[in-house]
Amino acid sequence: MDERHTVKVSKYLSKHLRHRPERIGLTLDDGGWVEIDTLIAAARAHGFRITRADLDHVVAANDKQRFAVEGDRIRASQGHTVEVDLGLSPATPPAYLYHGTVAGSLSAIRAEGLRPMNRHDVHLSADRETAIRVGARRGRPVVLSVDSATMHSDGHEFRVSANGVWLTAAVPPAYLRFPQGH
């Protein structure tokens, strides 16, 4: 499968497993899972042809491991805007986590902290490099440090997805550290 097709399939899966399953007639179970054969048939019925081999390639090749396969089912690992329960238990985060953004968002973040926006949780990275890549999707990245140890000791809950993304309901401004010059 060429890189362009891999990206196209990945974006299609993200759209329909995280945000708009009903658009192609899918119904996710409470945990966000759908039968792979059902997904492939729904995609085909809506003019998007993918095979099981295409799907397996995208799942295996995705550097962010956005999707999980369990037997004959698939789901997005996190990032849903539709209601799902990923079944993730509370976890103790490392002392610091990171969030990639762009300079244009900083004034709102200083005032309100990090909010999930249209997602269910704020997404945080365990390392700066990942946060840089996330921020770079929208422009020149700015990496914020989150004092997750203090947040956690103050009673904020963290969970970690199967692909290593840390999730929390929100990050109040007091727990954020901005890089010099920002």
Give the range 104-161 a look and list any residue that's in contact with a helix residue (DSSP H, G or I) (Cβ under 7 Å, 6 or more places away or on another chain) and on the phi > 0 side of the Ramachandran plot, or say none. Gly113
Report the residue count in the range 80-109 for those that are assigned to a loop (DSSP other than H, G, I, E, B), of a type outside the set (Val, Ile, Thr) and crowded, with 19+ Cβ neighbours inside 10 Å. 3
Residue check for His152: more than 19 Å from the chain's Cα centre (by Cα), within 27 Å of Gly31 (Cβ to Cβ) and not in a loop (DSSP other than H, G, I, E, B): yes
Gly164 passes all but one of the listed conditions (1) touching a strand residue (DSSP E or B) at 6+ places or on another chain (Cβ under 9 Å); (2) among the small types (Gly, Ala, Ser); (3) at pLDDT 95 or above; (4) on the phi > 0 side of the Ramachandran plot; the exception is number (3)
Go through (1) closer than 27 Å to Asp127 by Cα; (2) modelled with pLDDT of 90 or more one by one and return the number of the condition Gly47 breaks. (1)
If I filter the range 106-142 down to residues being of a type in the set (Val, Ile, Thr) and in contact with a Ser or Thr (Cβ under 8 Å, 6 or more places away or on another chain), which single residue comes out as farthest from Leu176 (Cα to Cα)? Val134
Restricting the range 6-38 to residues that are acidic (Asp, Glu) and closer than 15 Å to Ile50 by Cα, the one surrounded by the most Cβ atoms within 10 Å (Cβ to Cβ) turns out to be Glu35
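The values are calculated or read from the model by the stated rules, or taken from the named source; none is laboratory data. For clarity, every value in this text was computed on a predicted model and none was experimentally measured. Here Cβ is always computed from backbone atoms with ideal geometry, including for glycine, and neighbour counts include all displayed protein chains.
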